[in-house]
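Enquirer: Okay, handing you the structure first.
The values are calculated or read from the model by the stated rules, or taken from the named source; none is laboratory data. Note that the structure is a prediction, hence the values are computed from the model and not measured. When we count neighbours, we look across all protein chains shown, and the Cβ atoms used for this are built from the backbone with ideal geometry, even at glycine. Each accessible area value is taken on the protein alone, full model and side chains, heavy atoms only, with ligands, DNA and RNA left out. Shrake-Rupley method; radii C 1.70, N 1.55, O 1.52, S 1.80 Å.
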Amino acid sequence: MSFNLESITRENVKGLNPYSSARDEYVSDGSKMVFLDANENPFENGVNRYPDPKQRSLKSILAKQKGIKEENILLGNGSDEVLDLLFRAFCEPRLDNVITLPPTYGMYQVLSGINTIENRTVLLDTDFQPNVDAILNTMDTNSKMLFICSPNNPSGNSISSQKIEILLENFKGLVVIDEAYIDFSSEQSWVSQLSKYPNLVITQTLSKAYGMAGIRLGICIASEQIIAVLNKIKPPYNINELTQQSAMERVSDQKSVQEEVAVILGERKLLIEALSEISFILKIYSSDANFVLAKVDDALKRYNQLLEKGIVVRNRTTQPLCENTLRFTIGTPEENTLLNTALKSLV
Ligand SMILES: *Cc1c(COP(=O)(O)O)cnc(C)c1O
């Protein structure tokens, strides 16, 4: 496939030089130095110094775990910042377009709106799989990115790897695979295919399986060349010191993460069994994620009934192909029991 990164990068971004901060110019080698270069308050309190703008220590752990280089990683203030950087690096406002595959994650649409980029939507089919021919027919020379969420939110299924392969081979822009839920899935991450596809971009997050939605850490994995473009436009200190520290602790403790994921997967199975006993639940979609989408008789009515019982679920009824569906996130065993009891009591 002929993929040319230069030709899809925005003109203004090509010529940019990133802001050079004090912490970029002098890199500590661990020796005791007197830091009088960044106008910080000198009295130590744990956060009086600017954080490492390149997050070297955190990236080095992540790179080792994922079998890639630190230069293949860009970190963002949540995947939402990573996705926004992709728009700003590659899509020319009012001229370029992206392709998204509803029903899917709402941020792609929001970010195209913010960045004045046309969002061309190609609906998933009724099995929530992409229509490859329709996508390729929708693509034109201004189609800079295709967003594939796998496992997909809100449907929960993984996207067929054969279809993703065809798209990677034929889409002329970047194919962004959002793997926010990959740790709950039996499918392989696309990270292992990085060297094979120069237009592959993968996003991951610590917000779901890693249990750290509050620290805001998103991960972008792509070729060194793509990451270098993103590094030109990222805010220098986008990952704060507290986030870097807690992320390092958490990703270094894979055992706890895996234990929690195992409990969530066990609970997912139990929830699906419980849902299948409820008379007003008409269909339960199979899930590779930490939530289950289900079709009910009347989504708004059931949503409000659950609210009255103190349980908040997500009503997805306005999404295409999702009429009268509710999305249930897997909670703790206790929370799931409360949900089950509440559902059984509804008339
Ligand atoms: C939750 C979610 C994210 C996470 O976004 P963060 O900004 O990293 O919290 C990304 N993509 C999808 C599809 C999600 O559902």
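Enquirer: Which members of the stretch 285-337 meet the condition of being more than 26 Å from Ser160 (Cβ to Cβ) and basic (Lys, Arg)?
Expert: Lys301, Arg302, Lys309
Every residue, every condition in (1) in contact with a strand residue (DSSP E or B) (Cβ under 7 Å, 6 or more places away or on another chain); (2) part of a strand (DSSP E or B); (3) surrounded by 12 or more Cβ atoms within 10 Å (Cβ to Cβ), yes or no:
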position	(1), (2), (3)
Ser279	no, no, no
Ser286	no, no, yes
Leu293	yes, yes, yes
Tyr303	yes, no, yes
Gly310	no, no, no
Gln319	no, no, yes
Glu323	no, no, no
Leu338	no, no, yes
Leu343	no, no, yes
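Enquirer: Still on this model: Going through Asp24, Asp52 one at a time, which residue ends up being open to solvent by 20 Å² or more (accessible area, probe 1.4 Å), in a helix (DSSP H, G or I) and in contact (Cβ under 8 Å) with a residue 40 or more places away in the chain?
Expert: Checking each option against the conditions leaves just Asp24.
Enquirer: Also: Here is a list of conditions, (1) small (Gly, Ala, Ser); (2) open to solvent by 20 Å² or more (accessible area, probe 1.4 Å); (3) closer than 22 Å to Gly67 by Cβ, and Ser160 meets all of them except one; can you say which number that is?
Expert: (3)
Enquirer: I would also like to ask the following. Scan the stretch 205-219 and tell me whether some residue there is closer than 20 Å to Ser2 by Cβ and surrounded by fewer than 22 Cβ atoms within 10 Å (Cβ to Cβ).
Expert: The answer is no, given that none of the residues of the stretch 205-219 is closer than 20 Å to Ser2 by Cβ and surrounded by fewer than 22 Cβ atoms within 10 Å (Cβ to Cβ).
Enquirer: Return a yes/no flag: does the stretch 224-242 have any residue that is within 19 Å of the chain's Cα centre (by Cα), open to solvent by 50 Å² or more (accessible area, probe 1.4 Å), away from the ligand (no atom under 16 Å from the Cβ) and closer than 30 Å to Ser195 by Cβ.
Expert: Checked against the condition, which is being within 19 Å of the chain's Cα centre (by Cα), open to solvent by 50 Å² or more (accessible area, probe 1.4 Å), away from the ligand (no atom under 16 Å from the Cβ) and closer than 30 Å to Ser195 by Cβ, the stretch 224-242 yields at least one hit.
Enquirer: How about the stretch 74-111: which of its residues are away from the ligand (no atom under 13 Å from the Cβ), assigned to a helix (DSSP H, G or I) and either open to solvent by less than 10 Å² (accessible area, probe 1.4 Å) or at pLDDT below 95 (or both)?
Expert: Passing the criteria: Phe87, Ala89, Phe90.
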